[in-house]
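Colleague: Next up is a structure, given as structure tokens.
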Amino acid sequence: MSWQKKILRVNLTEGSCTAEPLNMQWAADYLGQRGLGSKYLVEEVDPKVDPLSPDNKLIFATGPLTGTASSTSARYSVITKGALTGAIACSNSGGYFGAELKFAGWDMIIFEGKAPKPVYLYINDDHAELIPADEIWGKSVWDTDKILHAKHQDPQLKISAIGKAGEEGVMYACIVNDLHRAAGRSGVGTVMGSKNLKAVAVRGTKGVSVKDPMRFMQTVMEKKKILAENPVTGQGLPTYGTQVLMNVINEVGALPTKNASVVQFDGASKISGEAMHEPRASDGKANLVTNQACFGCTIACGRVARIDKEHYTVKNRPEYWGASGGLEYENAWSLGADCGVDDLEALTFANFICNEQGYDPITFGATLAAAMELYEMGVITDEDTGGVKLNFGSAEALTTMAEQVGKGEGFGMILGLGSKRLCEKYGHPELSMSVKGQEFPAYDPRGIQGMGLTYATSNRGACHLRSYTVASEILGIPEKTDPLVTEGKAGLVKAFQDATAAVDSSGLCVFTTFAWTLEDFYPQIDAACEGEWTLERLAQTGERIWNMERQFNMAAGFTAKDDTLPKRLLTEPASSGPAAGKVNGLDKMLPEYYELRGWSKEGVPTPDTLRSLGLS
Amino acid sequence: MQRSLYISPDKCTGCLQCEMACSFEHEGNFNPAKSRIKVFTFHTEGRFVPYTCTQCDEAWCKSACPTEAITLDAATGAKMVNDGLCVGCKVCTIACPFGTINYNTTTGKVMKCDLCGGDPACAKACPTQAITYIDAEGTGYDKMRTWASRTDTQTAAQA
């Protein structure tokens with residue numbers, strides 16, 4: 001019920017596909033998706049493994065509510081040891097692929113080993129086989145999608161693939177499904193490429209059942225109504241997408257700009273959600289074509305955009321004239337504000353290239369921003385860049401480098417390392433705006449204090465999706481806290497981390513939490529899944545997952561020393577806006593956080609804590 | 001009053017809640033592959049279009065059926081497939097100009113929209129009112145109202 005109770009194990013070295021029963025005890029303890037996939041990883045992979053060795057595994061995991069009528073039931077995650085970070089990686093994606101995998105009768109796919117030659121996995125319900133990838137290896141995500149649809153003569157086939165970036169070893173390659181939804185962060189696509197696995201193509205016709213269908217439908221209807229009536233999920237997100245935040249975050253002085261050297265961007269309004277609605281001077285059309293939902297989603301925050309045909313990036317290049325995935329807030333920030341670029345069309349183009357070639361726009365933009373700072377310092381020279389002027393604010397630098405990373409050419413090869421490795425290479429590790437090797441996203445912790453603790457303690461490296469305290473500190477959800485103070489943030493971060501781990505593991509989208517709390521999730525899970533699912537059980541499941549991820553990282557060699565922030569955020573005060581004069585007060589939050597977690601002063605979960613969560 | 005399904009593609013976001021509601025109503029589980037309504041995506045245009053049977057008065061499927069398995073539900077106007085009579089010959093799937101009646105390999109029968117007995121699940125599940133179930137004689141009224149609102153009689157009189 002709700003779980004398909006079946007996983008597909010694919011041994012790439014041997015070329016075998018084997019069905020095996022889902023471990024239902026683990027499902028009861030870790031729910032699904034992020035939690036359950038991570039449990040399998042933790043049980044089967046040595047934490048010290050080289051992420052790019054055949055001994056690492058790559059797990060595609062759905063949740064019990066994936067593919068049901070619950071709103072936002074699209075989600076699947078890819079779990080592995082991250083190429084970018086060396087930490088546990090779990091990258092979550094929407095679109096239609098995850099639900100299709102579930103409809104084919106599978107909860108999860110576990111890839112192990114390495115294929116001797118490039119292959120892709122084809123699944124048609126119970127049938128699963130590895131097929132040589134000769135005609136798609138070397139191709140972009142978009143071409144791969146086109147070729148596989150034509151080859152299998154099935155327009156309903158759902159495809160998840162790596163692009164050139166994943167093949168070329170860009171350290172932050174994504175796995176992109178349905179053309180522009182991505183398991184984006186930590187280099188999960190790099191791991192896929194290292195296994196010579198190009199794509200997964202799936203068609204499912206078996207459907208998903210739930211435990212108590214009538215109660216489930218009744219509950220789902222009630223919960224959908226809450227989303228529709230909430231101003232964020234019912235109005236803000238469908239109209240402006242996550243880009244509703246650009247002007248808001250800039251105004252509160254928390255928009256990391258020019259490699260986080262300042263916290264406000266003069267060009268913010270030009271790259272905002274509002275700007276995407278404005279008719280362009282050139283052709284009278286708006287950048288935004290429409291919003292789009294992922295499978296089952298009644299919010300529909302996704303952006304579909306079209307680039308001005310006369311813009312320098314696409315002039316005489318009709319392959320980029322069609323509509324495709326538009327700018328989300330994080331991407332508009334990384335490609336825009338962080339690089340100082342305010343050309344909306346150029347950002348949209350760079351975003352298209354990220355989707356087409358499969359790499360993470362957050363890490364790419366933040367890496368380019370670091371390179372721009374090094375260029376302006378004279379550390380990186382024209383000789384390094386092949387003559388491209390890497391000045392902050394240069395749209396040409398952005399779009400040229402986006403294409404070079406995508407093709408694995410020129411200075412793009414260096415940018416493909418990510419900011420940590422790039423900044424170390426040029427002797428300035430302090431200029432990498434990363435934690436545990438992963439670049440932080442679009443919220444400056446000097447202006448939103450809780451996000452400092454969020455980044456420092458995130459199990460997958462800096463990330464906004466592990467505890468989005470912006471909801472409380474800026475939007476007042478579920479209640480308003482002061483973004484400029486550190487008091488109370490340790491508890492807030494812990495509560496958000498645990499709740500988010502539970503939400504992710506259900507198969508639903510964390511964006512619902514603008515309107516829902518765990519009170520709204522557990523009745524849906526309880527009506528769908530075997531066993532009794534209460535609020536307490538769900539909350540504890542989240543905490544268990546968080547501690548399990550932490551244990552993996554500690555065994556991999558991370559320590560409390562890694563729970564920190566780039567020096568800039570701790571020592572260089574914000575220069576303008578409401579947070580002017582402030583640095584992030586991590587040292588005030590972290591000890592309290594460890595204590596609330598039941599961890600030692602060294603950040604190690606105590607035996608009592610582990611025992612109470614069933615982890616010892 | 002007879003009602004009919006009315007589809008406004010410009011409101012559709014491609015969420016497929018309609019396909020899940022349809023399969024749940026007819027199959028008891030969530031399975032878009034068995035939905036009687038399908039949403040088509042035109043990616044490069046950024047368009048999503050739900051499509052299903054329009055319940056023709058003189059239905060080609062009904063005329064073509066050699067076993068008279070397709071009958072009229074007088075209350076709703078729906079053309080209904082009687083599974084007991086359907087032999088799975090698929091002639092109706094050839095006759096239908098719109099492709100909205102299809103063969104189900106699991107049952108060996110054809111399947112099509114039956115308006116859920118007068119309370120279509122797809123319309124209830126649609127979060128954006130892209131699918132509505134309205135007076136069959138007034139499906140154009142919304143568009144008429146939109147155009148009517150653009151009429152500025154005063155400007156016209158002054159001109």
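The values are calculated or read from the model by the stated rules, or taken from the named source; none is laboratory data. This is a predicted model, so every value here is computed, not measured. Using ideal geometry, Cβ is built from the backbone for each residue, glycine included, and neighbour counts are taken over all protein chains shown.
Colleague: Condition test on A:Ser600, is it at pLDDT below 95 and farther than 30 Å from B:Asn29 by Cβ?
Modeller: no
Colleague: Next up: From A:Ala337, A:Ala346, A:Ala366, A:Ala370, which residue is within 19 Å of A:Ser186 (Cβ to Cβ), part of a helix (DSSP H, G or I), over 18 Å from the mean Cα position of the chain (by Cα) and small (Gly, Ala, Ser)?
Modeller: Only one candidate qualifies: A:Ala370.
Colleague: What number of residues in the stretch A:144-172 are under 26 Å from the mean Cα position of the chain (by Cα), more than 14 Å from chain B (Cβ to nearest Cβ), part of a helix (DSSP H, G or I) and not small (Gly, Ala, Ser)?
Modeller: Of the residues in that region, 5 qualify.
Colleague: For A:Thr500, indicate whether it is among the polar types (S, T, N, Q) and either out of contact with any helix residue (DSSP H, G or I) (no Cβ under 8 Å at 6 or more places or on another chain) or more than 22 Å from A:Ala462 (Cβ to Cβ) (or both).
Modeller: Details: among the polar types (S, T, N, Q): yes; either out of contact with any helix residue (DSSP H, G or I) (no Cβ under 8 Å at 6 or more places or on another chain) or more than 22 Å from A:Ala462 (Cβ to Cβ) (or both): no.
Considered against the rule, which asks whether it is among the polar types (S, T, N, Q) and either out of contact with any helix residue (DSSP H, G or I) (no Cβ under 8 Å at 6 or more places or on another chain) or more than 22 Å from A:Ala462 (Cβ to Cβ) (or both), A:Thr500 comes out as no.
Colleague: So which residues in the stretch A:278-312 are touching a strand residue (DSSP E or B) at 6+ places or on another chain (Cβ under 8 Å), touching a residue at least 12 places away in the same chain (Cβ under 8 Å) and more than 14 Å from every other protein chain (Cβ to nearest Cβ)?
Modeller: Hit for the stretch A:278-312 is A:Arg280, nothing else.
Colleague: Quick one: which residue in A:Thr205, A:Thr239, A:Thr219, A:Thr233 is within 14 Å of chain B (Cβ to nearest Cβ), buried (at least 19 other Cβ atoms within 10 Å of the Cβ) and within 28 Å of B:Thr44 (Cα to Cα)?
Modeller: It is A:Thr233.
Colleague: Moving on. Somewhere in the stretch A:295-315, is a residue modelled with pLDDT under 95, over 21 Å from A:Leu508 (Cβ atoms) and out of contact with any helix residue (DSSP H, G or I) (no Cβ under 6 Å at 6 or more places or on another chain)?
Modeller: No, the conditions are met nowhere in the stretch A:295-315.
Colleague: Please work out if A:Ala228 is of a type in the set (A, V, I, L, M, F, W, C), farther than 30 Å from A:Ala337 by Cα, in contact with a strand residue (DSSP E or B) (Cβ under 6 Å, 6 or more places away or on another chain) and at pLDDT 95 or above. Quick ask: steps written out before the conclusion?
Modeller: Numbers: of a type in the set (A, V, I, L, M, F, W, C): yes; farther than 30 Å from A:Ala337 by Cα: yes; in contact with a strand residue (DSSP E or B) (Cβ under 6 Å, 6 or more places away or on another chain): no; at pLDDT 95 or above: yes.
So A:Ala228 does not fit the description; no.
Colleague: Do we find that A:Val210 is more than 14 Å from chain B (Cβ to nearest Cβ) and either closer than 27 Å to A:Leu347 by Cβ or not aromatic (Phe, Trp, Tyr) (or both) in this structure?
Modeller: Details: more than 14 Å from chain B (Cβ to nearest Cβ): no; either closer than 27 Å to A:Leu347 by Cβ or not aromatic (Phe, Trp, Tyr) (or both): yes.
Considered against the rule, which asks whether it is more than 14 Å from chain B (Cβ to nearest Cβ) and either closer than 27 Å to A:Leu347 by Cβ or not aromatic (Phe, Trp, Tyr) (or both), A:Val210 comes out as no.
Colleague: crowded, with 24+ Cβ neighbours inside 10 Å, touching a Gly at 6+ places or on another chain (Cβ under 6 Å) and not acidic (Asp, Glu): which single residue out of A:Ile353, A:Ile362 fits that description? Talk me through it step by step, then tell me what you get.
Modeller: On the way: A:Ile362 fails: touching a Gly at 6+ places or on another chain (Cβ under 6 Å).
Being crowded, with 24+ Cβ neighbours inside 10 Å, touching a Gly at 6+ places or on another chain (Cβ under 6 Å) and not acidic (Asp, Glu) holds for just one of A:Ile353, A:Ile362, which is A:Ile353.
Colleague: Checking the conditions here, which among A:Lys114, A:Lys102 is basic (Lys, Arg), surrounded by 24 or more Cβ atoms within 10 Å (Cβ to Cβ) and within 30 Å of A:Asn459 (Cβ to Cβ)?
Modeller: A:Lys102
Colleague: Right, here's the next one. Against the condition in contact (Cβ under 8 Å) with a residue 40 or more places away in the chain and surrounded by 24 or more Cβ atoms within 10 Å (Cβ to Cβ), how does A:Ala395 come out, does it pass?
Modeller: The answer is no for A:Ala395.
Colleague: Look at A:Leu417 and say whether it is buried (at least 23 other Cβ atoms within 10 Å of the Cβ) and under 22 Å from A:Phe440 (Cα atoms).
Modeller: No; evaluated as a whole, the condition is false for this residue.
Colleague: Related question: Would you tally the residues in the stretch A:556-614 being among the small types (Gly, Ala, Ser) and over 30 Å from A:Leu538 (Cβ atoms)?
Modeller: 9
Colleague: In the stretch A:117-160, how many residues are among the small types (Gly, Ala, Ser) and either at pLDDT below 95 or buried (at least 16 other Cβ atoms within 10 Å of the Cβ) (or both)?
Modeller: 4
Colleague: Among the residues of the stretch B:112-135 satisfying the criterion of being more than 14 Å from chain A (Cβ to nearest Cβ) and more than 15 Å from B:Cys53 (Cβ to Cβ), which is farthest from the chain's Cα centre (by Cα)?
Modeller: B:Asp135
Colleague: Note down all Cβ pairs under 6 Å where the first residue falls in the stretch A:425-437 and is touching a residue at least 40 places away in the same chain (Cβ under 8 Å), the second is among the basic types (Lys, Arg) and surrounded by fewer than 17 Cβ atoms within 10 Å (Cβ to Cβ), and they're at least six residues apart or on different chains.
Modeller: From the stretch A:425-437, the pairs are A:Glu430/A:Lys567.
Colleague: Of all residues in the stretch A:440-496, which are touching a His at 6+ places or on another chain (Cβ under 9 Å) and assigned to a helix (DSSP H, G or I)?
Modeller: A:Met451, A:Thr454, A:Tyr455, A:Val470
Colleague: Considering only the stretch B:104-140, state which residues are among the aliphatic types (A, V, I, L, M) and part of a loop (DSSP other than H, G, I, E, B).
Modeller: B:Ala130
Colleague: Looking only at helices (runs of 4 or more DSSP H) that fall completely inside the stretch B:1-103, which ones have 2 or more residues that are within 14 Å of chain A (Cβ to nearest Cβ) and out of contact with any Phe, Trp or Tyr (no Cβ under 6 Å at 6 or more places or on another chain)?
Modeller: Fully inside the stretch B:1-103 and qualifying: B:17-27.
Colleague: Now a separate question. It is to be established whether one or more residues within the stretch B:81-92 are touching a residue at least 40 places away in the same chain (Cβ under 8 Å) and surrounded by fewer than 16 Cβ atoms within 10 Å (Cβ to Cβ).
Modeller: No: the stretch B:81-92 contains no residue that is touching a residue at least 40 places away in the same chain (Cβ under 8 Å) and surrounded by fewer than 16 Cβ atoms within 10 Å (Cβ to Cβ).
Okay, residues lined up against (1) within 14 Å of chain B (Cβ to nearest Cβ); (2) surrounded by fewer than 24 Cβ atoms within 10 Å (Cβ to Cβ); (3) out of contact with any Gly (no Cβ under 9 Å at 6 or more places or on another chain):
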{"site": "A:Ser16", "(1), (2), (3)": "no, yes, yes"}
{"site": "A:Ala28", "(1), (2), (3)": "no, yes, no"}
{"site": "A:Gln33", "(1), (2), (3)": "no, no, no"}
{"site": "A:Thr62", "(1), (2), (3)": "yes, no, no"}
{"site": "A:Lys81", "(1), (2), (3)": "no, no, yes"}
{"site": "A:Ser91", "(1), (2), (3)": "no, no, no"}
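Colleague: Suppose we keep only residues that are more than 26 Å from the chain's Cα centre (by Cα) and assigned to a helix (DSSP H, G or I) within the stretch A:512-534. Which one would you say is surrounded by the fewest Cβ atoms within 10 Å (Cβ to Cβ)?
Modeller: Ranking the qualifying residues of the stretch A:512-534, first place goes to A:Pro523.
Colleague: While we're here: Kindly establish whether B:Lys109 is under 30 Å from A:Trp106 (Cβ atoms), touching an Asp or Glu at 6+ places or on another chain (Cβ under 9 Å) and within 14 Å of chain A (Cβ to nearest Cβ).
Modeller: no
Colleague: Which condition number in (1) surrounded by 14 or more Cβ atoms within 10 Å (Cβ to Cβ); (2) at pLDDT below 95 is the one that A:Gly577 fails?
Modeller: Failing condition for A:Gly577: (2).
Colleague: Scanning for something in contact with a strand residue (DSSP E or B) (Cβ under 7 Å, 6 or more places away or on another chain), in contact (Cβ under 8 Å) with a residue 40 or more places away in the chain and buried (at least 24 other Cβ atoms within 10 Å of the Cβ), does the stretch A:478-500 turn up at least one residue?
Modeller: The answer is no; no qualifying residue exists.
Colleague: Give A:Ser38, A:Ser53, A:Ser73 a once-over and let me know the one that is more than 25 Å from A:Glu222 (Cβ to Cβ) and either surrounded by fewer than 16 Cβ atoms within 10 Å (Cβ to Cβ) or within 14 Å of chain B (Cβ to nearest Cβ) (or both).
Modeller: A:Ser53
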